[in-house]
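Participant: I'd like to ask you about the structure that follows.
The values are calculated or read from the model by the stated rules, or taken from the named source; none is laboratory data. If you're wondering where the values come from, they're calculated on a predicted model, not measured in any experiment. With ideal geometry, Cβ positions are generated from the backbone for all residues, glycine too; neighbour counts draw on all protein chains shown. To get the accessible areas, we keep the full protein, side chains included, count just its heavy atoms, and leave off ligands, DNA and RNA. Shrake-Rupley method; radii C 1.70, N 1.55, O 1.52, S 1.80 Å.
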Amino acid sequence: MRLIRSTLFSVYTISTTMLTGLITLLLMPLPYKVRYSIINLYARSVIRMLTIFCGITFHVEGREHIRHPAIIFCKHQSTWETYALQVIFPPVSYVFKQELFWIPFFGWGLFAMKPIAIQRGSGRKAIRQLVEGGTKRLKEGLSVVIFPEGTRTKASGPGRYKIGGAVLAAESGYPVIPVAHNAGEFWARKSFIKKPGHITVRIGPAIKTQGKKPEDILDEARTWIEAQMPEITQCIYHSD
């Protein structure tokens with residue numbers, strides 16, 4: 001049954017991604033708010049269908065800590081959070097590698113969201129792209145979503161946190177909002193099968209960044225996020 005349910009969900013996601021990508025491409029001449037409303041509706045529908053088809057629900061703790069605009073440091077275990085953060089937070093801009101924009105339909109939808117494109121693996125150049133693009137989006141009134149682990153990690157432990165987002169925070173002065181969740185237990189990376197269950201999303205107090213070094217900002221965010229994981233996860237979680 002999980003295979004059937006996961007297949008139905010995938011069919012829905014693929015079809016609506018193609019439709020949404022095409023619509024947003026046609027709407028590019030229109031104001032950003034119009035395009036974002038379409039993307040937001042799409043994200044909400046995916047989260048809703050995930051509940052209907054696969055039995056995955058969620059709740060959010062710490063909504064009172066949301067600041068806008070801000071830099072969101074989110075745990076990255078799944079594809080789920082790329083949809084959910086659009087539902088939980090005010091308008092956001094994601095950091096993506098440039099190659100994703102070349103994917104038909106999917107890439108068109110990404111482009112319509114005013115993302116921050118970086119060349120992954122280019123070292124300091126990628127960090128400068130992140131800082132310049134991120135500062136621009138923050139000044140435009142958008143929060144910036146950063147997955148400091150860089151790529152999706154296993155639900156059983158943390159990944160290596162990267163400094164780029166903390167450099168953006170230090171140079172821009174905008175606060176960092178740490179976010180922990182356990183979505184990887186139910187929609188694991190590289191896994192087609194989705195397991196029914198309940199995701200906990202925990203939002204932490206805003207971290208002040210003005211006058212702080214990037215290393216200190218990153219350590220503060222990482223310490224808070226990883227401290228939450230043993231409490232909200234249902235699997236064995238090891239924090240180094």
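Participant: Please work out if T223 is open to solvent by 40 Å² or more (accessible area, probe 1.4 Å) and either within 20 Å of R63 (Cα to Cα) or under 16 Å from the mean Cα position of the chain (by Cα) (or both). Working first, answer last.
Facilitator: Working: open to solvent by 40 Å² or more (accessible area, probe 1.4 Å): yes; either within 20 Å of R63 (Cα to Cα) or under 16 Å from the mean Cα position of the chain (by Cα) (or both): yes.
When the stated conditions are applied, T223 passes them.
Participant: Here's something else I'd like to know. Test of understanding: among K194, K136, which residue is modelled with pLDDT of 90 or more, in a helix (DSSP H, G or I) and among the basic types (K, R)?
Facilitator: K136
Participant: Are any residues in the stretch 180-196 open to solvent by 20 Å² or more (accessible area, probe 1.4 Å) and at negative phi, and if so, which ones?
Facilitator: E185, W187, A188, R189, S191, F192, I193, K195, P196
Participant: Quick one: what pairs do we get from the stretch 183-203, first residue without any contact (Cβ under 8 Å) to a residue 40 or more places away in the chain, second assigned to a loop (DSSP other than H, G, I, E, B) and open to solvent by 40 Å² or more (accessible area, probe 1.4 Å), C-beta under 7 Å, 6+ apart or different chains?
Facilitator: Taking only residues 6 or more apart or on different chains, not a single pair turns up.
Participant: When both residues are 6+ apart or on different chains and their Cβ atoms are under 7 Å apart, which pairs have a first residue that lies in the stretch 35-60 and is modelled with pLDDT of 95 or more, and a second that is of a type in the set (S, T, N, Q) and open to solvent by 50 Å² or more (accessible area, probe 1.4 Å)?
Facilitator: Pairs that qualify, where the first residue is modelled with pLDDT of 95 or more and the partner is of a type in the set (S, T, N, Q) and open to solvent by 50 Å² or more (accessible area, probe 1.4 Å), are T51/T57.
Participant: Still on this structure, I have one more. Could you tell me whether any residue of the stretch 77-98 is part of a loop (DSSP other than H, G, I, E, B), open to solvent by less than 20 Å² (accessible area, probe 1.4 Å), at pLDDT below 95 and within 18 Å of N182 (Cα to Cα)?
Facilitator: Yes: one or more hits.
Participant: Among what's in the stretch 202-217 and is hydrophobic (A, V, I, L, M, F, W, C) and buried (at least 18 other Cβ atoms within 10 Å of the Cβ), pick the residue that is nearest to M229 (Cα to Cα).
Facilitator: If we take residues in the stretch 202-217 being hydrophobic (A, V, I, L, M, F, W, C) and buried (at least 18 other Cβ atoms within 10 Å of the Cβ), then I203 is nearest to M229 (Cα to Cα).
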